[in-house]
1. Round to the nearest 10 and give me the degree value, 0 to 90, for the angle of helix 140-164's Cα axis relative to the longest principal axis of the chain.
2. Please report how far the C-alpha centroid of region 104-140 lies from that of region 27-79, rounded to the nearest whole angstrom.
3. List the residues, sorted by chain then number, that are 5 or more residues from Glu44 or on another chain and whose placed amide H is less than 5 Å from its amide H.
4. Using only C-alpha atoms and all pairs of different ones, pull out the Kirkwood radius for the chain in Å with one decimal.
5. Tell me which chymotrypsin sites (Phe, Trp or Tyr not before Pro) from region 41-103 have a DSSP coil assignment and no more than 10 other beta carbons within 10 Å of their own.
6. Could you point to the residue in Gln156, Thr139, Gln24 farthest towards the positive end of the chain's charge dipole, with +1 and -1 charges on the Cβ of Lys/Arg and Asp/Glu respectively?
7. Once you charge only the Cβ atoms, +1 for Lys and Arg and -1 for Asp and Glu, what is the size of the charge dipole of region 8-164 about its Cα centre, to the nearest 20 debye?
8. Tell me what the chain gives for mean residue ellipticity at 222 nm when only DSSP H runs of n ≥ 4 count, each as -39,500 (n - 2.57), the sum divided by the residue total, rounded to 500 deg cm²/dmol.
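What follows is calculated from the coordinates using simple rules that are stated; it is not laboratory data. Keep in mind the model is a prediction, meaning the values are calculated, not measured. Cβ sites come from the backbone with ideal geometry, for glycine too, and all protein chains shown count toward neighbours.
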Amino acid sequence: MEKNLAPIKILFISISGNTRSFAQKLVQHSQTVHQADSTARLVETIEIGGDDQFIEMQQPFAVLVPTYLGGGNGINNGNQEIMTNEMRETLADNDNYHWCYGVIGSGNRNFNTQFGLTAKQYAVQFQIPVIDFYEMRGTQDDVKRIYQELNDFQLQFEQNLSERH
Ligand SMILES: Cc1cc2nc3c(=O)[nH]c(=O)nc-3n(C[C@H](O)[C@H](O)[C@H](O)COP(=O)(O)O)c2cc1C
């Protein structure tokens, strides 16, 4: 019998519901794939937000973060993260970011060069790769592509871990 692979754990934050919707679509897609192939990884999500949430990650995970930047004109100002700071704090808490193998950014392309910028800022701060971007709630193509990328990144991270131990 084949060994079941660990699930894909995702931490996300969502202010107006778009990221929550995308996270749910990833979960549903993984269940559909898993039904056809029981060795395929399932996606499990944890929503950040809410009082006194204590999160200590002990296994690999990825992050979905939308972009909310204060005072931005969409071109070259407004780099200050607002609304989503709890995700940044959760990554820093308990050195959780050590287990994070990538961040997926979202936003609205009307913000031009600021599109998805928070994910890029996390990548610099925590030294983690940006896996991909999608807009608003994401399309079904985004869901399929990003599910595949999550599989690839998680496998690579797991392999690197086992080589070090
Ligand atoms: C006040 C405000 C600022 C925003 N700033 C940006 C931005 O700088 N770059 C960007 O790509 N999207 C920006 N957005 C768009 C959101 O990131 C986008 O709507 C996202 O899908 C929201 O995710 P959520 O519904 O999960 O909170 C902004 C939206 C609001 C309301």
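1. Between helix and principal axis, roughly 70 degrees.
2. Measuring centre to centre over Cα atoms gives 12 Å.
3. So Glu44 has HN proximity to Ile8, Lys9, Ile10.
4. 16.3 Å
5. Qualifying residues, ordered by number: Phe54.
6. Comparing the listed Cα positions along the dipole, Thr139 ranks first.
7. It works out to roughly 500 debye.
8. One gets -12500 deg cm²/dmol as the mean residue ellipticity at 222 nm.
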